[in-house]
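The values are calculated or read from the model by the stated rules, or taken from the named source; none is laboratory data. Because the structure is predicted, anything quoted here is derived from the model rather than measured. Cβ coordinates were reconstructed from backbone atoms using ideal geometry, including for glycine residues, and neighbour counts include every protein chain displayed. When the accessible area is computed, the model is the full protein with side chains, heavy atoms only, and any ligands, DNA or RNA have been set aside. Shrake-Rupley method; radii C 1.70, N 1.55, O 1.52, S 1.80 Å.
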Amino acid sequence: MKTMVKSKVLDAFNEAAQTIVNPQLKKWMDEGGKVVGYFCCYAPDEIITAAGMTPFRVRATGSKGTEMADAYLSSINCSFCRHAFNMGLIGEYDFLEGAVWLNNCDHIRRIYDNWKRKVNTPMAHMMSLPKLNGDKQVAWWREELEIFKKALEKQTGTTITDEKLHNAIKIHNETRRLLRELYALRKKANPPITGADTLAVVIASTAMPRAEFNKMLKELLEELKDAPGIKDYKYRLMLISSILDDPLYIKTIEEVGGLVVTDSQCFGTRSFWVDVNEKTKDPLDALAKYTIQEKPHCPRMFLGFPTRSKYVQNLIKEYKVDGIVALRMVFCDLWAGELFMLEQDLGKLNVPVLHMDREYLMAGTVGQVRTRAQAFLESLGGKK
Amino acid sequence: MTGRSLSDKCCQKLIQERDMLGMMVEAFTKTASEKNLHYVPTKAFVDHHNEILRRYISGEPHITSYFCCAPEIYTAMDLPWNTFLTPAFTGALMPAYHDEIDASGKMFRGMDLCTIIRLAAYIVEEDLVPPPSAVVAMIHPCDGINVVHQTMAKNEKWSKIPVFGADPPYWADKRSIDYYADEMKRMVEFLQKHTGISLNMNRLRETIKESNKQIKLWQEYNELRRAVPCPHGGAFGLEVFGEALTVHCGMPIGTNWLKDVVEDAEALVKQKKGPVPKEKIRLFWFDVLSLGLTMGLFPWLEQEWGAVVAMEMFGYSPYTQIDTSTEDAIFKGIARRALHEVPMIRQARGVADYFLEDIENIVKNWKIDCVIYPGYMGHKDGSGSAGLMREKCRELGVPFLYIGMDLFDDRYRTLDELKDIISKFFTSMGLG
């Protein structure tokens, strides 16, 4: 199963998904541009853009092992963290001017503690993200944004004005709008792009200067507008997951006939489904409200499950999904609970779910994933 | 009439636990040739279970909560609270414990979720705990406890039970304490609304004063544990914690018991007596304790290696006195205690620095020869700090052991395996 259009832009997005420093990012840095890393889609990447820097979501793409990180973390820490920290330790992230973390989960917040001591990144900043979503939490998060803004200003020696923030919000909203446009194409009976390629596009959005990405995505959307749709699939699938930044997972599932048409994951809809309000006078107010009350949440937000479940159910309807592939990173407590609850709701709606625990790197498990996906698709036989 | 009775399924586990603890109380009574310090805390749990059962049947309010959610407030409101964590701690006494662990793993399609958390969710799903009037959830220090309360809130039988969670900031500075103090006030409003019990501020002030006395006695006791030989074994700190922060928190009965403990320890120090008269190793066990450890591993450490657990996570008491002069001061003090001082929350909730600070303080002040971090499979954040802990110990010149075990499932790492690992560690480090 392939995207039915030959596209240099799509090739560039795939290259960005398979590397850390892609040509667009390299060009930016060669021209003196700075890059700030972040580890989670709750991070305020707009503020990084407003500081004149490129936000880069940290991945461990291409990691070969965790030997260095294992001296600090342990075998019960998730493999994303071990690989990502290892990449930091071996110098793969030496190009970062700074990095920002949130207390989003027990594993990632400990990368911060280790990274700030062991990796030579000029600025390591931690933010305290609330677990509730009331107005008081919006106010708290706004203060955290202000603190982060000041830290960036100190680091760069520049002033991040409201005007710069408003402009950054516009640029990031455009990314969101374009990505939603891309996803809208996947609602078609014969979508013009595979799930694997779509994931590559979303990953690229977090790995290069946003304005450049937006230009490229517009080009791709033009190319896809009249492209022939994919017909050789058996079922329409939705992916539900925490971090998944390896298109090979989806490619493996698609190779056996399950076309991934939508998702609820943080390298996916949860990062762009809603815009930041551009009309709010104070840009930090807008960003705080967006993060705490408006964007789709992950299970770290307390008692938000009914909304999250509804979000998934709406996507199932909107994208005419036949089945769900639910991936959980081994040792992830948050997603163990989330999938336990979600499977109850989806069971009531008679939506089939394939629950797979996974490690960050797919190496060595392609055969297993393929076999499980095949069996799942066969089990959907009676559903169509 | 509530239509409820002791024969309801949800009461059976609590009754079983109560009876097991009751047998222990009886044994203490019969063998009390000298003042038996275990009697009061154990009896307190029997009384507590009886009260929860009584309230369930009568329909009088009781809540589900935790030691780290300001139990001083519950005492001041005469509001008994039950915790989901008990089944894991008492599990070693229960016949069907392993079956329940396995069933909870099946429920979550995996055994890598913290065993305490899995069991807590399981007992709710299986209707093995009396539903309370309200739940004050703990949504820190770990992901597991956050998510398990979400699963409970979704449970059909429990879905109508009101749930409160105080939002925990990641820091412990003034801004964070002020924020959390507001959360504590919000918690009081929630409790008043859902239990119909009003909080009397004078009563709270008196409770805090009593609790301050308890904390002071606890600190005195810990001073005595610096003595060589250590006057009591490793498990005793957990009992002190239990009295001061759970069943008798802010109550004179707890204070009196703590006085007895201090008196007993003082006498032992004067006589240079302890569980290991000729101590060879003083160790710091930096995590939760379970009955499996305190009944199996710790006595072996003492007998086989002359090793005493001079300090452990729950026995450590880095508490400050709460200022009772104004309502505002009281809530800020409660917030600081709940957010930054109570064990496990203190270390696991925020940045890893607190693990390191505590290691440094305890190693230096309790004459520690080695630090053991068990690497409990549920404590992912702690395991993510293991390398930093090791470096801190290296800096302090004490050996550090990371094991990797399940404190609540002895099949993950059996007692024999633990003994073997620790023996090799002691031998290779030239200890003992």
**Q.** Residues being more than 7 Å from every other protein chain (Cβ to nearest Cβ) and farther than 15 Å from B:THR151 by Cβ - total across region A:314-337
**A.** 15
Q) Being surrounded by 20 or more Cβ atoms within 10 Å (Cβ to Cβ) and assigned to a loop (DSSP other than H, G, I, E, B), is that true of even one residue in region B:145-155? A) no
Q | Matching residues, region A:93-116, being more than 15 Å from A:ASP70 (Cα to Cα) and over 20 Å from the mean Cα position of the chain (by Cα) | A | A:ASP94, A:PHE95, A:GLU97, A:LYS116
Q: Return the residue satisfying two criteria in turn: it lies in region B:125-144 and is open to solvent by 10 Å² or more (accessible area, probe 1.4 Å) and outside any loop (DSSP other than H, G, I, E, B), and of such residues it is nearest to B:GLY196 (Cα to Cα).
A: B:GLU125
Q | Criterion (over 29 Å from A:THR121 (Cα atoms), of a type outside the set (Phe, Trp, Tyr) and modelled with pLDDT of 95 or more) met by exactly one of A:ARG236, A:ARG210 | A | A:ARG236
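Let's see how each residue does on (1) outside any helix (DSSP H, G or I); (2) away from every other protein chain (no Cβ under 13 Å); (3) open to solvent by less than 20 Å² (accessible area, probe 1.4 Å):
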position: A:LEU339; (1), (2), (3): no, no, yes
position: A:LEU342; (1), (2), (3): no, no, yes
position: A:LEU354; (1), (2), (3): yes, no, yes
position: A:ALA363; (1), (2), (3): yes, yes, no
Q) Here are B:ALA329, B:ALA338, B:ALA310: which of them is buried (at least 24 other Cβ atoms within 10 Å of the Cβ), over 30 Å from B:ARG118 (Cβ atoms) and either at pLDDT 95 or above or away from chain A (no Cβ under 14 Å) (or both)? A) B:ALA310
Q: Search region A:69-95 for residues that are more than 13 Å from chain B (Cβ to nearest Cβ) and pair each with any residue that is among the β-branched types (Val, Ile, Thr) and open to solvent by 40 Å² or more (accessible area, probe 1.4 Å) when their beta-carbon atoms are under 9 Å apart and the residues are at least 6 apart or on different chains.
A: A:GLU92/A:VAL21; A:PHE95/A:VAL21
Q.
Looking at B:LEU113, B:LEU37, can you tell me which residue is within 14 Å of chain A (Cβ to nearest Cβ) and more than 30 Å from B:THR2 (Cβ to Cβ)?
A. B:LEU113
Q) Do you know which residues across region B:376-408 are within 14 Å of another protein chain (Cβ to nearest Cβ) and either in contact (Cβ under 8 Å) with a residue 40 or more places away in the chain or among the polar types (S, T, N, Q) (or both)? A) B:TYR376, B:MET377, B:GLY378, B:HIS379, B:LYS380, B:ASP381, B:GLY382, B:SER383, B:SER385, B:MET389, B:ASP406, B:LEU407
Q.
Condition first: open to solvent by 10 Å² or more (accessible area, probe 1.4 Å) and either assigned to a loop (DSSP other than H, G, I, E, B) or within 20 Å of B:GLY165 (Cβ to Cβ) (or both). Now tell me which residues in region B:46-68 satisfy that.
A. B:GLY59, B:GLU60, B:PRO61, B:PHE67
**Q.** Criterion violated by B:TYR122 - all others in (1) part of a loop (DSSP other than H, G, I, E, B); (2) at pLDDT below 95; (3) open to solvent by 10 Å² or more (accessible area, probe 1.4 Å) satisfied
**A.** (1)
(Q) Among (1) more than 9 Å from chain B (Cβ to nearest Cβ); (2) of a type outside the set (Lys, Arg); (3) part of a loop (DSSP other than H, G, I, E, B), there is one condition A:PRO130 misses while meeting the rest; what is its number? (A) (1)
Q.
Can you tell me which condition A:ILE108 does not meet? The list is (1) within 12 Å of chain B (Cβ to nearest Cβ); (2) modelled with pLDDT of 95 or more; (3) surrounded by fewer than 24 Cβ atoms within 10 Å (Cβ to Cβ); (4) farther than 22 Å from A:LYS149 by Cα, and all the others hold.
A. (4)
